[in-house]
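Q: Pasting a structure here, questions to come.
The values are calculated or read from the model by the stated rules, or taken from the named source; none is laboratory data. Fair warning: this is a prediction, and the values are worked out from it, not measured in the lab. Every residue, glycine as well, gets a Cβ built from its backbone with ideal geometry; the counts of neighbours run over all protein chains shown.
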Amino acid sequence: MARRQKKTDVVIVGLGWTGSILGIELANAGLKVLALERGADRDMIQNLAYPKMIDELKYGVRHGLMLRPADSTVTIRHSLRDTALPYRSLGSFLPGNGVGGAGVHWNGHTWRALPEELRLKTYVLEKFGASVIPAGMTIEDWGVTYEELEPHFERFEYVCGISGRAGNLGGSTQAGGNPFEGPRKRDYPLPPLPTLLNGKIFGDAAKAMGYHPFPLPAANLSDAYTNEYGMQLGPCNFCGFCERFGCIGYSKSSPQTCILGALKRKSNFSYQTRSEVLRVELASDRRTATGVTYIDEKGEEIFQPADLVILAAYQFHNVHLLLLSGIGRPYVAETGEGVVGKNYAYQMTGGTSLFFKDLNFNPFVGAGSSAMVIDNFSVGQIDFGKEGFIGGSYISSGQFNGQPIRSMALPSGTPTWGAGWKKGIRDWYGHSMSIGSHGSNMSYRDCYLDLDPTYRNKHGQPMLRMTFDWKPNDIRMTQFMRSKVESIAKFLNPTSWVSGYKGDSSHYDVRPYQTTHTVGGAIMGIDPTKSAVNRYLQTWDVHNVFVMGASAFPQNLQYNPTGTVGALAYWSAHAIKHDYLRNPRPLA
Amino acid sequence: MSHAFLDGYKPLYFSTTEWAFIRAACARLIPSEGEGPGALEARVPVFIDTQMAGDFGKASDWYMLGPHEPGANPLLGFQSPLTPAQIYRQSIALVDEWCTEQKGKAFAELGPDLQDEVLRDLQARKMPLKAELRDFFVLLLQNTKEGYFADPIYGGNYRMAAWKYIGFPGARGAYLEWANDKGAPYPLGPVSISGDRG
């Protein structure tokens, strides 16, 4: 029998971006809030400081800030016919761990979803007709519109202090910004980061080709900034250790730098680390949750009663907890029925490396989001009927780091070892840049999450099982983008270039890093038979459980998810504060 | 070139014959000839030995419980029941045995051309290694490059020689005045986490 703790108003599972946002919003509303974080504490001074953080091997290669598969992992298979096997060592995606979550070690690309993306199914049906949707594709509308989310996108951008340039202010196109973005009421809080050489020549080429280059919206600050919570940040010094690392300079927006310093000072907020939630406990009528059961650092099982439960873990951990707790009907791929685990999606990326023997790029000079971008081939700009796919991508040239173990692009034909490799690294380190395509991934009936029949985690619970593979629609999308990227590469006339994109024979490979932008499994929507949470991220069946994060995405965006995840968290927090708390009930 | 340090080094993990194999293999993967340090000058074997004796060699961070299917589709990633340290140990023994049978000498005793041939066969999976060991060459090559480029606190990249060779400034961690589109070469040498300057 688990020991019972004193009741709290709100328990939050996971103290990353969304846990911190819900934490401060609900604590500011006067509620007593407890956050349970399964990983370690991560303090800017104690844990993330210079020079120890500037260690490519420890953090970049050995994943020192990530969740260890030994502690928690998933099993993966390509299709319903296969046996899933554990993701034993990290590769394709890197779940965060500890206070701040992935918000500690992200690169800081901060996008808004496009208006079209948030109502994708309706957009496709209205503009192109049902015939363009391939059999087995299960895309949906999100149930919330861009107009409704706009103030919350802005709020998150202003909490972070995003550096960027607006392209669409209230419907009026702004030179130098992204003309294809949804309308925004205000410009970004800070001007863009300085442009590096790769961004300059990419932007010049793009402009000459008739495209509309703009600086990537960055959670790396271009100037000193104080946000609404009184948190102070300083300008990024381009140290080149951003993604996979904590920021040594209070210059990357993170839960620590933007929220937690203020939140920790509030007497009605507390948090516990090394406390792993095993399940949400339900009342006997299963209409409400009574709290959560967790294991603390000593291995003791503890019941924490709460009036409100916020799941704010990483995308697939939210889904895992819903399945383990019996909240919502589990999705069954064979019948297409059920909702929890449905519509798992990933992200389709590809890239081209360009080599210039006479240019110095100084690749070690980098911010996590120092990039120039074009959005001319975004979801809202492509004729899906003509091109034969649904989706889109942003194309960019970024320079984020020059760490030599991992960032060593070499021309085609260079040996992977021996004298030829040794000569190659000398000739080409510092003389290459890349152009990447960062694209959407649609959802499909047979790409989903459920409980594994064989493998168990260290607590004896069934592991989460991922069934996923690449589909022809998304491969056509990335091949389309390849043709666009390569035309820009040719325009730049490099000494040589080499491309890497998924092709017709590509299957999902869990070994090379691709992206941690996993989405879906607890998708939002307006129909309880098709979604796990309603438009306010409240579970349909258990009204005092809300589920944050990218698990709510019904299919993946073409963008990095954090801007939209942040906006959804503020949107949900607003509904809880201004509606739910007065009269706790299903909000939709 | 003298490798007195490596000669005097007492491995934490590897046996004498394994150590000879590691030194010989590293010397071919990043040779000493030509411009820049080879793996031996960079003391890469020390790095690999230290890694095998530590958390990486023990797969401390990895999920290692069964059931295991080491012969599964490689796209599903590492599936061996063996730790990296065990994979090195068993693979080195098998490669040496194979070299002795096929070429008359252990790997470390072969000439450079034959060593290269053996490494190429390993990389191309032409060597009869069982499924549990199929990641050996990938690990060996990856760990060799890690030792070449990681901060010197891990035992390789001696005197930051690999960083100086390619022009990586190490742990300087501050480039704001270089954040521009001018493309001028960066003039300063590296610093390490320990504060050494190169």
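Q: Do you know which residues across the stretch B:51-70 are farther than 25 Å from B:PHE21 by Cβ and more than 8 Å from chain A (Cβ to nearest Cβ)?
A: Listed by number, the residues that qualify are B:GLY66, B:HIS68.
Q: Might you let me know whether the stretch A:506-518 holds any residue that is under 19 Å from the mean Cα position of the chain (by Cα) and within 30 Å of A:LEU581 (Cα to Cα)?
A: no
Q: If you take the residues of the stretch A:495-512 that are more than 12 Å from every other protein chain (Cβ to nearest Cβ) and in a loop (DSSP other than H, G, I, E, B), which of them is surrounded by the fewest Cβ atoms within 10 Å (Cβ to Cβ)?
A: So in the stretch A:495-512, the residues more than 12 Å from every other protein chain (Cβ to nearest Cβ) come out as A:495-504.
Those still in the list that are in a loop (DSSP other than H, G, I, E, B) too: A:495, A:501-504.
Details: A:THR495: 15, A:TYR501: 20, A:LYS502: 21, A:GLY503: 12, A:ASP504: 9.
For the stretch A:495-512, the residue satisfying everything is A:ASP504.
Q: Related question: Restricting attention to the stretch A:325-358, which residues are outside any strand (DSSP E or B) and of a type in the set (S, T, N, Q)?
A: Taking the stretch A:325-358 as the starting set, the residues that turn out to be outside any strand (DSSP E or B) are A:325-329, A:331, A:333-336, A:338-339, A:341, A:346-347, A:356-358.
Matches in the stretch A:325-358: A:SER325, A:THR335, A:GLN347.
Q: Something else about it: Of all residues in the stretch A:359-398 being in a loop (DSSP other than H, G, I, E, B) and among the β-branched types (Val, Ile, Thr), which is nearest to the other protein chains (Cβ to nearest Cβ)? Can you show your working first?
A: Kept after step one, since they are in a loop (DSSP other than H, G, I, E, B), are these residues of the stretch A:359-398: A:359-365, A:367-370, A:375-383, A:388-392.
Going one step further and asking which of them are among the β-branched types (Val, Ile, Thr), we end up with A:365, A:379, A:382, A:390.
Values: A:VAL365: 4, A:VAL379: 28, A:ILE382: 29, A:ILE390: 25 Å.
Here the answer is A:VAL365.
Q: Okay, next question. Scan the stretch A:61-77 residue by residue and report those that are more than 7 Å from chain B (Cβ to nearest Cβ) and more than 18 Å from A:LEU48 (Cβ to Cβ).
A: Of everything in the stretch A:61-77, those that are more than 7 Å from chain B (Cβ to nearest Cβ) and more than 18 Å from A:LEU48 (Cβ to Cβ) turn out to be A:ASP71, A:SER72, A:VAL74, A:THR75, A:ARG77.
Q: Taking B:LEU141, is it at pLDDT 95 or above, in a helix (DSSP H, G or I), farther than 28 Å from A:ALA371 by Cβ and within 7 Å of chain A (Cβ to nearest Cβ)?
A: Values: at pLDDT 95 or above: yes; in a helix (DSSP H, G or I): yes; farther than 28 Å from A:ALA371 by Cβ: yes; within 7 Å of chain A (Cβ to nearest Cβ): yes.
Taking the combined requirement at face value, the residue satisfies it.
Q: Moving to a separate point now. For the stretch A:202-215, what are the residues that are closer than 18 Å to A:ALA367 by Cβ and within 14 Å of chain B (Cβ to nearest Cβ)? Let's see the steps before the verdict.
A: Taking the stretch A:202-215 as the starting set, the residues that turn out to be closer than 18 Å to A:ALA367 by Cβ are A:202-203, A:213-215.
Within the stretch A:202-215, A:PHE202, A:GLY203, A:PRO213, A:PRO215 qualify.
Q: Would a scan of the stretch A:311-332 turn up a residue that is over 23 Å from the mean Cα position of the chain (by Cα), away from chain B (no Cβ under 14 Å) and under 19 Å from A:ARG42 (Cβ atoms)?
A: Within the stretch A:311-332 (the criterion being over 23 Å from the mean Cα position of the chain (by Cα), away from chain B (no Cβ under 14 Å) and under 19 Å from A:ARG42 (Cβ atoms)), the answer is no, since none of the residues qualifies.
Q: Got at least one residue in the stretch B:88-106 being within 14 Å of chain A (Cβ to nearest Cβ) and either of a type in the set (S, T, N, Q) or surrounded by 23 or more Cβ atoms within 10 Å (Cβ to Cβ) (or both)?
A: Here is the first cut: in the stretch B:88-106, the ones within 14 Å of chain A (Cβ to nearest Cβ) are none.
Scanning the stretch B:88-106 turns up no residue that is within 14 Å of chain A (Cβ to nearest Cβ) and either of a type in the set (S, T, N, Q) or surrounded by 23 or more Cβ atoms within 10 Å (Cβ to Cβ) (or both).
Q: A further question follows. Anything in the stretch A:216-234 that is within 14 Å of chain B (Cβ to nearest Cβ) and either surrounded by fewer than 20 Cβ atoms within 10 Å (Cβ to Cβ) or in contact with a helix residue (DSSP H, G or I) (Cβ under 6 Å, 6 or more places away or on another chain) (or both)? List them, or say none.
A: Result: A:ASP223, A:ALA224, A:GLY234.
Q: Within the stretch A:78-99, can you find the residues that are more than 12 Å from chain B (Cβ to nearest Cβ) and in contact with a Gly (Cβ under 6 Å, 6 or more places away or on another chain)?
A: Across the stretch A:78-99, the qualifying residue is only A:GLY98.
Q: What pairs come up if the first residue lies in the stretch A:278-296 and is without any contact (Cβ under 8 Å) to a residue 12 or more places away in the chain, the second is part of a strand (DSSP E or B), and their beta carbons are under 9 Å apart, counting only those six or more places apart or on different chains?
A: Pairs that qualify, where the first residue is without any contact (Cβ under 8 Å) to a residue 12 or more places away in the chain and the partner is part of a strand (DSSP E or B), are A:ALA283/A:ALA289; A:ALA283/A:THR290.
Q: Does the stretch A:433-467 hold any residues that are over 18 Å from the mean Cα position of the chain (by Cα), within 14 Å of another protein chain (Cβ to nearest Cβ) and within 30 Å of A:ASP141 (Cβ to Cβ), and which are they?
A: A:LEU464, A:ARG465, A:THR467
Q: If a residue must be closer than 29 Å to A:SER378 by Cβ, touching a Leu at 6+ places or on another chain (Cβ under 7 Å) and surrounded by 21 or more Cβ atoms within 10 Å (Cβ to Cβ), how many such residues does the stretch A:442-478 contain?
A: Residues in the stretch A:442-478 being closer than 29 Å to A:SER378 by Cβ, touching a Leu at 6+ places or on another chain (Cβ under 7 Å) and surrounded by 21 or more Cβ atoms within 10 Å (Cβ to Cβ): 3 in total.
Q: Considering the stretch B:26-41 alone, what residues qualify as being facing chain A (nearest Cβ under 7 Å) and in a helix (DSSP H, G or I)?
A: Applying the first criterion (facing chain A (nearest Cβ under 7 Å)) to the stretch B:26-41 yields B:28-31, B:33-36.
Across the stretch B:26-41, the qualifying residues are B:ARG28, B:LEU29.
Q: Kindly provide the set of residues from the stretch B:69-83 that are farther than 9 Å from A:ARG88 by Cβ and touching a residue at least 24 places away in the same chain (Cβ under 8 Å), ordered by number.
A: Result: B:PRO70, B:GLY71, B:PRO74, B:PRO81, B:LEU82, B:THR83.
Q: Take the conditions within 14 Å of another protein chain (Cβ to nearest Cβ) and in contact with a His (Cβ under 7 Å, 6 or more places away or on another chain) and apply them to B:GLN79. Does it pass?
A: Details: within 14 Å of another protein chain (Cβ to nearest Cβ): yes; in contact with a His (Cβ under 7 Å, 6 or more places away or on another chain): yes.
So B:GLN79 passes the test.
Q: Taking the options B:GLN51, B:GLN79, name whichever one is within 17 Å of the chain's Cα centre (by Cα), surrounded by 19 or more Cβ atoms within 10 Å (Cβ to Cβ) and of a type in the set (S, T, N, Q).
A: Just one listed residue meets the conditions, B:GLN51.
Q: Using the structure shown, decide if A:MET53 is more than 30 Å from A:ASP446 (Cα to Cα), within 14 Å of chain B (Cβ to nearest Cβ) and at pLDDT 95 or above. If you could, list the steps in order and put the result at the bottom.
A: Working: more than 30 Å from A:ASP446 (Cα to Cα): yes; within 14 Å of chain B (Cβ to nearest Cβ): yes; at pLDDT 95 or above: yes.
Considered against the rule, which asks whether it is more than 30 Å from A:ASP446 (Cα to Cα), within 14 Å of chain B (Cβ to nearest Cβ) and at pLDDT 95 or above, A:MET53 comes out as yes.
Q: Taking interchain pairs and intrachain pairs at least six residues apart, which have beta carbon atoms under 9 angstrom, with the first residue in the stretch B:39-53 and among the aromatic types (Phe, Trp, Tyr) and the second surrounded by fewer than 24 Cβ atoms within 10 Å (Cβ to Cβ) and not in a helix (DSSP H, G or I)?
A: Pairs found: B:PHE47/B:GLY155.
Q: Turning to a different aspect of this structure: Looking at the stretch B:153-198 only, could you name the residues that are part of a helix (DSSP H, G or I), touching a strand residue (DSSP E or B) at 6+ places or on another chain (Cβ under 7 Å) and more than 10 Å from chain A (Cβ to nearest Cβ)?
A: As a first pass, look at the stretch B:153-198 and keep what is part of a helix (DSSP H, G or I): B:153-154, B:158-166, B:176-178.
Adding the requirement that they be touching a strand residue (DSSP E or B) at 6+ places or on another chain (Cβ under 7 Å) leaves B:160, B:163.
If the condition is that a residue be part of a helix (DSSP H, G or I), touching a strand residue (DSSP E or B) at 6+ places or on another chain (Cβ under 7 Å) and more than 10 Å from chain A (Cβ to nearest Cβ), then B:MET160 is the only one that fits.
Q: Still on this model: Is there a residue being surrounded by 24 or more Cβ atoms within 10 Å (Cβ to Cβ), hydroxyl-bearing (Ser, Thr, Tyr) and either in contact with a Pro (Cβ under 9 Å, 6 or more places away or on another chain) or within 21 Å of A:GLU154 (Cβ to Cβ) (or both) anywhere in the stretch A:549-561?
A: Within the stretch A:549-561, one or more residues are surrounded by 24 or more Cβ atoms within 10 Å (Cβ to Cβ), hydroxyl-bearing (Ser, Thr, Tyr) and either in contact with a Pro (Cβ under 9 Å, 6 or more places away or on another chain) or within 21 Å of A:GLU154 (Cβ to Cβ) (or both).
Q: Give the residue that is nearest to the other protein chains (Cβ to nearest Cβ), with candidates limited to residues of the stretch A:184-201 that are part of a loop (DSSP other than H, G, I, E, B) and under 22 Å from the mean Cα position of the chain (by Cα).
A: Out of the qualifying residues, it is A:LEU193.
Q: Okay, moving on. Can you spot a residue in the stretch B:117-134 that is touching a residue at least 40 places away in the same chain (Cβ under 8 Å), touching a helix residue (DSSP H, G or I) at 6+ places or on another chain (Cβ under 7 Å) and at the interface with chain A (Cβ under 7 Å from one of its Cβ atoms)?
A: Checked the stretch B:117-134: no residue is touching a residue at least 40 places away in the same chain (Cβ under 8 Å), touching a helix residue (DSSP H, G or I) at 6+ places or on another chain (Cβ under 7 Å) and at the interface with chain A (Cβ under 7 Å from one of its Cβ atoms).
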